[in-house]
Amino acid sequence: MESSSGVRKWIEADESAKELLSRVLIQLFLPPPLHNFPFRLGNVVEIVGPSPSAKTHILMQAAIRCILPKEWKGVHHGGLDHAVMFIDLDCRFDILHFSRLLEHQITIAEGLKFSEEIDRDSLGGYVKNLTSMCLRRFFYVRCYESLQFLATLKTMHTKIQEQKENHGVGIHMLIIDSIGAFYWTDRALSSLTLGDTNRKGLSLQAVSDTVVEELRKLLQLHPMVILTTKTVNLQGRCLKHEIKSVPRNMSSRDATFFRATRSKPENNPYREYMPSVWQNFVTHRVLIRPSDDENQRPPIFSSEWLLPLLNRTDRFTFGDKYYIHTIILYFGYIIFQFTYI
Amino acid sequence: MAPLKSLEPDYPIIDSNFQQFCASHHIFSVEDFLLHDIYALELSTKQHFDSKRLEEGISVVRTIMEGLHQPWLNGMELLQKAQGNKHGISTGYERIDVLLEGGLFQGNLVELVGPSSSGKTQLCLKVAANVAVNNLGSVTFFDTGNSFSPKRIDKLLDQSSEPAKIKTEEVRRRVMDKIVCQSVFDIYVLFDLLHQLKSTLKPVTGSSVQMLIVDSISSLVTPILGSGAHGHALMVSLGFLLKELAYEHNLSVLVTNHMVGAEGGHLKPALGESWKNVPDMRLHVSRDCKSNICSMSILRHPYITAGKAVMFSLK
C-alpha cells in the first residue's frame, strides 16, 4: 500500500507546462557589453581582456542586474530578482565600491521620481532598505590558492541548498573572477606520488579537470549562468585593422572562406593559456580591449564576440568614476558606435 | 596537506577501515579528496559491506573541506565588516590623501611604481613616520636594499605638522619604537618572515593600525624571475600571501616596484605583466630631476579612474 502511494506521488503532475517552460526557458538579459545574447541557464560566459580592461566592473554590473528586484514598492528596477554567488580568485573585489554602484543603480530608477508613495524624506530609507535587501542575496568568498577554490566548489552544493531553503530565492548566476588567477602557481605544483603511482598528482591539468567537473555537476543540480573573466596579454594590437575588406571580385563562397582563413589571427589576438578542458567548457567568449589611445578620458573599450563569432565590434565607456556630473555616462554605458567589419 | 591518518584522533569515524577504503581509491590525504570525484566515491561505498559508516566518513570529510576555504559572506556582512575595519591611513602628504580619497586603506595591497630616486622610499618612510607619530599603530618595515634610514625618519618627525608632540626625547623614542625595521635580502627569507607575521598577528582590536612596508619588493623578485615558471609561481604566491595578510588580518600593505629600461628608451616596471593585476592599488611616482616636486598618478584603483594625478613636494 505504502509503495503504491509512493509511486502515485511520483507520477503525479507537480508542475504545469507553463511552469515548466518558465523554468526551462529562463533567459538572462545582462547589461552591455554582454547585451548581445540572452543567456540561458547552463551557459558559461568568459570575458577575456588585458589588465586593466574593466572586466571586474562588467561582472559587478551583471551582478547588480541580477540581485535587483524587478519591481519594489511599485517602482520598476528591471532586475532579475535572484541571488548571485561570487568567487573571487583575484582577491581585489571592493564591497564599498559595489554597494555604491548598487545604490546608484537604485536611485536612477525612473519611477522613483514620480512615485507618489516615496517622497523626498523617505527616499533615503527606501534606497537603504532596498540596498541591504539586495546585498543580502549577494554571496561572496575569496580564495587565495587552488586548493581553497576546489574546497569551495566541492562544498558549494550544500551552500546553495541552504541559501534556497533560508531565503527562497534561486541562484541563477555564479561569478568567478578570474579563472586564470592561479595559473602560475598551479603550473609549478607537483606533489610527490609516494607509494602509489595511481594517485592523482596536483597539477594545472588536474586542477582544471576537477574545476570543470565540479562546475558541470553543479550546473546539473542548480542550473545557472557561469560568468568568468580571464586576464590575457594582447599580442600585436593592430591585427584587427589589417583585414578590412574582402576583395570585390570574389564569389560569396570564396569570400566566406577568405574571411574564415584570414580572420584566424584575429580570432586569437592573445595567447591562450588555460588547458583545453576549460576552453571547451566555455560556451560564450567576449574579448574586451582598451582603445588604442591610452590617454583617452574616460577610457573607451571595445568588445568583440569570439564565441559565437560575431563580426562586429561594439564600443563602450564607463565615464569617470562615480562623480555626479558624469554619472549618467558611467551607468548608462552609452554605446558610442557600432562598427561592422 | 594532512594525511587522513593524522585526522583520526579528532575524527574517530576516519578509522583504519575508512582509510583502507580511501587507499583503494588512491586517496591518502584531504588534498587527494579535493581532486577526487566524491559523488563517484559515494556510489562505490554501496558495494561495501560497511557502506553506512563509509558514507558517514565521507560526509565528515566534506565538513573538513568546508573549513579549508574562507567562509561565504553575504554582501551586507561584507559591507559592515568593511565599514568597521577599512579605515584610511594618511600618507602625510595632504594632496596624496585627497587624490586617494582618504589615503591608504586597511585591507589593501598598494604598490608604488617609479624609477630610482623618484621618491618611493621617501614616501614609505613618511607614511611610517606618520603612522607612528600620530599614534595610529605600528609599522613593520622590510628593507631589501638598506634604504631604511632612522635619521631620515627623525628628520621627518621634525617636519611633522604637530611638532609639539615630539619635543621630548622620550616621546621621540616611543615613536621610533613603533617602527620595526628588518633587512631582507632574498625572497625565501621574506616568505619566512611573512608566515611568522601571519601566525603572530592577533585579531583586529579597536582602531589600531598595522602597516607593512616592503621596500622594494621588485629587487627580491626580479632575480628569481629568470628561472621561468617557477619564478613566476613564487612571485604570484607572494602576491597572494600579501593580499591575504592585508585582507584577512586588516593590515595596510605598501610595496615598491622599481623601473627598468625597455625598448625605445622607455621605462617599464621591473615586475610587469604577471604582477600588475596583483595589487589592489597601483600608483606611479615620478620626480622632476632638479627639484623636489614629484607627481603621483593612479595606474589602478578599485574605483578611481586611472590617469588621475597630483603634484606634491618631497621636502
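The values are calculated or read from the model by the stated rules, or taken from the named source; none is laboratory data. Small disclaimer: the values here were computed from a predicted structure and weren't measured. Neighbour counts run over all protein chains shown; Cβ positions are idealised from the backbone, glycine included.
Structure values in brief
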{"item": "Residue in region B:20-37 that is hydroxyl-bearing (S, T, Y), part of a helix (DSSP H, G or I) and under 30 Å from B:F240 (Cβ atoms) present", "result": "no"}
{"item": "Residue list for region B:131-168, filter: basic (K, R), exposed (fewer than 15 other Cβ atoms within 10 Å of the Cβ) and modelled with pLDDT of 75 or more", "result": "B:K151, B:K155"}
{"item": "Hits in region B:111-156 - residues which are of a type in the set (S, T, Y) and in contact (Cβ under 8 Å) with a residue 40 or more places away in the chain", "result": "B:S116, B:S117, B:S118, B:T121, B:S138, B:T140, B:T144, B:S147"}
{"item": "Hey, B:V285 in the same structural domain as B:R95 (by TED's automatic domain parsing), closer than 29 Å to B:A229 by Cβ, surrounded by 19 or more Cβ atoms within 10 Å (Cβ to Cβ) and β-branched (V, I, T) or not", "result": "no"}
{"item": "Single residue of B:G114, B:G102 found to be surrounded by fewer than 16 Cβ atoms within 10 Å (Cβ to Cβ), under 21 Å from the mean Cα position of the chain (by Cα) and of a type in the set (G, A, S)", "result": "B:G102"}
{"item": "Any chance B:V61 is crowded, with 16+ Cβ neighbours inside 10 Å and more than 11 Å from chain A (Cβ to nearest Cβ)", "result": "no"}
{"item": "Near pairs, Cβ below 6 angstrom, 6+ apart or cross-chain, from region B:24-35 (facing chain A (nearest Cβ under 7 Å)) to any residue that is of a type outside the set (A, V, I, L, M, F, W, C)", "result": "B:H26/A:D196; B:H26/A:N198; B:H26/A:R199; B:F28/B:P3; B:L35/A:K200; B:L35/A:T210"}
{"item": "Some residue of region B:66-82 being assigned to a helix (DSSP H, G or I), out of contact with any Gly (no Cβ under 6 Å at 6 or more places or on another chain) and either of a type in the set (S, T, N, Q) or more than 12 Å from chain A (Cβ to nearest Cβ) (or both)", "result": "yes"}
{"item": "Checking B:Q210 against (1) of a type in the set (S, T, N, Q); (2) free of Cβ contacts under 8 Å to residues at least 60 places away in the same chain; (3) more than 21 Å from B:W275 (Cβ to Cβ), the condition it does not meet", "result": "(2)"}
{"item": "Per-region count, region B:252-303, residues under 25 Å from the mean Cα position of the chain (by Cα), outside any loop (DSSP other than H, G, I, E, B) and either within 14 Å of chain A (Cβ to nearest Cβ) or in contact (Cβ under 8 Å) with a residue 60 or more places away in the chain (or both)", "result": "20"}
{"item": "Criterion violated by A:R100 - all others in (1) touching a residue at least 60 places away in the same chain (Cβ under 8 Å); (2) surrounded by 19 or more Cβ atoms within 10 Å (Cβ to Cβ); (3) not β-branched (V, I, T) satisfied", "result": "(2)"}
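One line per residue, one yes/no per condition, for (1) over 29 Å from B:V278 (Cβ atoms); (2) at pLDDT 95 or above; (3) part of a helix (DSSP H, G or I); (4) polar (S, T, N, Q):
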position: A:K164; (1), (2), (3), (4): yes, no, yes, no
position: A:G180; (1), (2), (3), (4): no, no, no, no
position: A:T193; (1), (2), (3), (4): yes, no, no, yes
position: A:Q205; (1), (2), (3), (4): no, no, yes, yes
position: A:V212; (1), (2), (3), (4): no, yes, yes, no
position: A:Q220; (1), (2), (3), (4): yes, no, yes, yes
position: A:L227; (1), (2), (3), (4): no, yes, no, no
